[in-house]
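Asker: Can you keep this structure in mind? I'll have questions shortly.
Readers should treat all values here as calculations from the given coordinates under stated rules, not as data from a laboratory. Since the structure is predicted, the reported quantities are computational estimates derived from the model, not experimental observations. Note: ideal-geometry Cβ built from the backbone for every residue, glycine included; neighbour counts use all protein chains shown.
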């Protein structure tokens, strides 16, 4: 059974989420504040976190950023739950590390469908393969990205995006193609989400390797190794 941590301070919403997920064969843990949520994440290693935006003692955005900074939790998928509907708020949530964003009110059926879609996307990898450009290495067996001896901290979406790019070099892809090939064609994900994850990927790669993720004007993005001499 996949494990889901529900972080929501309103008890009736938390109960509704738990019942819907248990009916869909998920194992659930619950927290109503940031401190307890972080304890559950460390103790139970959930497969996904449903995270409310507004919480006692801080915001879900703060917790999402904290999880993405920590190597032990950086690849735990996060779905933000919030009543905020403005585009700027959605972008803020995605840039904080969320893999999807659901606005209240929502139906339990929609929630379960989107949760399963996120889990499918975060499970995509090239099993037991290694991709290398210069001293940038993606080890898919260990699900680790490193530059030399230094491990890189990046979220699950950025990891899958980099793995796809390094296994499909020198070809330009539209945002729609990347959604289909990397995210699995999830209808709930907007094409602008790709731009958010591209920015986060470039930041994780640093000054030397970020230029390899190139913007193709009028098309989308490509990964080109021509700027680096392979070792």
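Asker: How far is helix 34-44 tilted, in degrees, relative to the longest principal axis of the Cα atoms in the chain, given as a value from 0 to 90 rounded to the nearest 10?
Answerer: That works out to roughly 70 degrees.
Asker: Compute the label zone of residue 10 within the stretch 86-123: residues whose backbone N is under 15 Å from the point 7 Å along Cα-to-Cβ.
Answerer: Within reach of a label on residue 10, which here means backbone N under 15 Å from a point 7 Å along Cα→Cβ, the stretch 86-123 contributes 102-108.
Asker: Would you mind calculating the gained length between residue 190 and residue 104 on full extension (0.36 nm times residue separation, minus the Cα-Cα distance), in nm to one decimal?
Answerer: Working it through step by step, the gained length comes to 29.2 nm.
Asker: What is the pair-distance distribution P(r) of the stretch 3-122, computed from all Cα-Cα distances in 5 Å bins starting at 0, with each bin given as a whole percent?
Answerer: 2, 12, 25, 28, 22, 10, 2
Asker: Another question, then. Between 209, 101, 159, which gets the highest mean-square fluctuation from a Gaussian network model of the chain, Cα cutoff 10 Å?
Answerer: 209
Asker: Next question. Which FRET efficiency value, to the nearest 0.05, do you get for residue 2 and residue 217 by plugging their Cβ-Cβ distance into 1/(1 + (r/R0)^6) with R0 = 35 Å? Each step should come with its number before you reach the end.
Answerer: Details: r = 41 Å, r/R0 = 1.16.
Efficiency at R0 = 35 Å is approximately 0.30.
Asker: Normalised radius of gyration for the stretch 130-223, please: alpha carbon Rg relative to 2.2 N^0.38 Å, two decimal places. Don't skip to the answer; put the middle values down first.
Answerer: Details: Rg = 12.7 Å, N = 94, 2.2 N^0.38 = 12.4 Å.
Normalised Cα radius of gyration, the stretch 130-223: 1.02.
Asker: From Cα pairs below 8 angstrom and at least 6 apart in sequence, can you work out the relative contact order of the chain, rounded to a whole percent? Don't skip to the answer; put the middle values down first.
Answerer: On the way: 379 pairs, mean separation 33.9, N = 231.
Once normalised by length, the contact order is 15 percent.
Asker: Output the Kirkwood hydrodynamic radius of the chain, Cα pairs only, in Å rounded to one decimal. If you can, show how the numbers build up before the last one.
Answerer: Working: mean 1/r = 0.0548 Å⁻¹.
About 18.2 Å, per the Kirkwood formula over Cα pairs.
Asker: By how many degrees, 0 to 90 and rounded to 10, does the Cα axis of helix 108-122 deviate from the longest principal axis of the chain?
Answerer: Approximately 30 degrees, to the nearest ten.
Asker: Sticking with this one: Starting from the 7 Å offset along Cα-to-Cβ, what nm value, one decimal, do you get for the label separation of residue 69 and residue 84?
Answerer: 1.8 nm
Asker: Tilt of helix 11-23 relative to the longest C-alpha principal axis of the chain, in degrees (0 to 90, nearest 10)?
Answerer: Approximately 70 degrees, to the nearest 10.
Asker: I've got another one for you. Pop a pseudo-label 7 angstrom from the Cα along the beta-carbon direction at both residue 210 and residue 143 and give the gap in nm to one decimal.
Answerer: For residue 210 paired with residue 143, the spin-label model returns 2.6 nm.
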